[in-house]
1. Enumerate the lysines that Lys68 could reach by cross-link, defined here as Cα to Cα under 17 Å, with residues fewer than 8 away along the same chain left out.
2. What are the ³J(HN,Hα) couplings of the range 201-211, residue after residue, when phi is run through the Karplus curve with 6.51, -1.76, 1.60 and θ = phi - 60°? Round to Hz, x for glycine and proline.
3. If you count, for each residue, the other Cβ atoms within 10 Å and average over each peptide, how do 208-216, 96-104 line up from highest to lowest?
4. Using θ = phi - 60° and the Karplus curve 6.51 cos²θ - 1.76 cosθ + 1.60, what whole-Hz ³J(HN,Hα) does each residue of the range 178-191 get, with Gly and Pro shown as x?
5. Please give, to one decimal in nm, the separation of the simple spin-label points placed at Leu137 and Ile24, each 7 Å out from Cα toward the Cβ.
6. Amide H neighbours of Thr203 under 5 Å, counting only residues 5+ apart in sequence or on other chains, H built in-plane at 1.01 Å?
7. Taking all pairs of different Cα atoms in the range 134-218, averaging 1/r and flipping that mean, what Kirkwood radius in angstroms comes out?
8. Counting Lys and Arg as +1 and Asp and Glu as -1, what is the net charge of the other residues whose Cβ lies under 12 Å from the Cβ of Arg212?
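Nothing in this text is a laboratory measurement; each read-out follows from the coordinates by a stated rule. Every value quoted in this text rests on a predicted model; they were computed, and no experiment measured them. Because the Cβ atoms are built from the backbone with ideal geometry, glycine has one as well, and the counts that use them run over all protein chains shown.
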Amino acid sequence: MRRNVYCLAIAIVLTLAASAHDIITTNLTYTRDISRIMNRRCLSCHAQGSSIPLTNYAEVRPWAVDIKEQVLSRAMPPWGAVKGFGDLKPDHALTQEEILIIAAWVIGGAPEGNPALLPKAAPPQTQPPAHPAQDALTVLTRKVLDKPLQAVGIRPEQTVTSARVIAHLPDGKIEPLVWLYNYDPKWNRTFLFRKPLDLPQGTVIESSAPLRFALEQNHDR
């Protein structure tokens, strides 16, 4: 009886010891894989001095599970638009590959890896200067253009859960502009088109949900 109790105690101690350490089941590492994604996508908001700095493994590791959940739900990094709807630049949203890499790294135990594989320090990220030749046309959900314009982007002006903004051209062509998703106006973001869009007179600009937004256009158009 005493031997059985002793063996059970040893089993419990070994189980607790094993549970105190993550089981590593992935070849992905922070130094080789995750640090580069963090540098590209996260450090503009999570640099040293921010409320939640994520500049190295020691800072990232305690948040690993939360980071996985945030990127899988596309809540982080906050982009505010559905990827692939409209031809936008720059697109700060994570790619599907980046999301899968982060999730697999966390599920696999979030190992650190070889520090020698860390990327070189990236230069400080700065916001690009505002376009010097832009004007704006305010739209309340739907507007028919009474003259042609060249659109360079869209700036939402209110909170919106989900809204698809589309241009219906007079020739019947449909041009997807942006699909806003959980957008917060405090980001003060203009979704720029990769190429300016020439929209003729009679084009209908329409949102699938009530929305106030500014259609940025070239000032000299």
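1. Of all the lysines, none pass the test against Lys68 - Cα under 17 Å, at least 8 places apart if same chain.
2. Values per residue, Gly and Pro as x: 4, x, 5, 9, 9, 9, 9, 6, 9, x, 7 Hz.
3. Numbers: 208-216: 18.1, 96-104: 15.7.
Listed from highest to lowest mean packing, they are 208-216, 96-104.
4. 7, 10, 6, 9, 6, 7, 10, x, 5, 6, 6, 9, 9, 8
5. If labels sit at Leu137 and Ile24, their model points lie 5.8 nm apart.
6. Result for Thr203 returns Leu145.
7. 12.7
8. Details: positive: Arg142, Lys143, Arg155; negative: Glu157.
Summing Lys/Arg as +1 and Asp/Glu as -1 gives +2.
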